[in-house]
Amino acid sequence: MARNRISARKRRTRAHVIADLSLHYLAYRVVGCGFTIEIVRSDYGYDVSIFTFDKNGEIENLNMYVQLKATDKIKISKDNKRVLFSLSKRDIRSWQDEPVPVYLVVFDAKKKRAYWLYLQRYLKSKNLRANQIVGQSITVEISTKQVLRKKTIKAWRRDKAAVLKKIGAVDHG
């Protein structure tokens, strides 16, 4: 008869596995564009940072942040047109005023597909600020057409360039 025993070792859970799958899904596309992806060691709402390079291989100013979420139980709207995902008010408070683009990537581990959302653009389009949120979270809606692909990463680079153009040169003197 087998006895229940407490494992003497740490275990790798399904949550760990799908988190890694989501990271590698994104990383494959980022590196495929000739860019780099850096894991943020301390997670305070940003899991990775992406650095881009021009056609000559020279690093470009400004980076982008990504918050990765992985799930085996993705929530889809009844009309199958939107991914529904809950975000904390605390994270929104950080992201809304971040000067560099921040993207949410929701990885559907069962279908091996990821959906993305440009967070600041989404919040602005909804005229939403953290201090307006009642409760501790909100549900965002991501079009099921916004599947993460290599061309998505290239579009993110254009978003970043547009932000950099708005910011302009910074005088640190």
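Every read-out reported here was derived from the displayed coordinates using simple, explicitly stated rules and does not represent laboratory data. All values derive from a computational prediction rather than experimental measurement. Reconstructed Cβ throughout: ideal geometry from the backbone, glycine too, with neighbour counts over all protein chains shown.
Bridgeable lysines around LYS160 (alpha carbons under 22 Å apart, same-chain partners fewer than 8 residues away excluded): LYS55, LYS69, LYS124, LYS126, LYS145, LYS150, LYS151. Which of the aspartates and glutamates could a cross-linker span from LYS110 if the Cα-Cα distance has to be under 12 Å and same-chain partners fewer than 8 positions apart are dropped? Here the aspartates and glutamates satisfying the reach criterion relative to LYS110 are ASP72. Taking the DSSP beta bridges with both ends in the chain, the antiparallel portion is around 75 percent. In this rough spin-label picture, where each label sits 7 Å from Cα along the Cβ direction, the ASN131-ARG93 distance is 1.2 nm. One equal scatterer on each Cα of region 30-173, no solvent, Debye formula: the resulting log10 I(q)/I(0) at q = 0.11 Å⁻¹ is -0.44. Give the aspartates and glutamates reachable from LYS75 as a straight Cα distance under 12 Å; neighbours fewer than 8 places away on the same chain don't count. Qualifying aspartates and glutamates at Cα under 12 Å: ASP108, GLU141.
Relative contact order of the chain: what whole-number percent is it, with Cα pairs under 8 angstrom and at least 6 residues apart? Taking the mean separation of contacting Cα pairs over the length of the chain, I get 21 percent. Rg and Dmax, both from the Cα atoms of region 96-173 and both in Å, are 15.0, 52.
SER143: net charge of surrounding residues, Cβ under 12 Å, Lys/Arg +1, Asp/Glu -1, itself excluded? Neighbourhood net charge equals +1.
Calculate for the chain the 222 nm mean residue ellipticity that helices alone would give, adding -39,500 (n - 2.57) per DSSP H run of length 4 or more and normalising by residue count, nearest 500 deg cm²/dmol. Before the final figure, lay out each step's value.
Details: 4 runs with 51 residues, N = 173.
Taken over the chain, the calculation gives -9500 deg cm²/dmol.
Relative protection proxy for 94-107, 123-136, from highest mean packing down: 94-107, 123-136 (other beta-carbon atoms within 10 angstrom).
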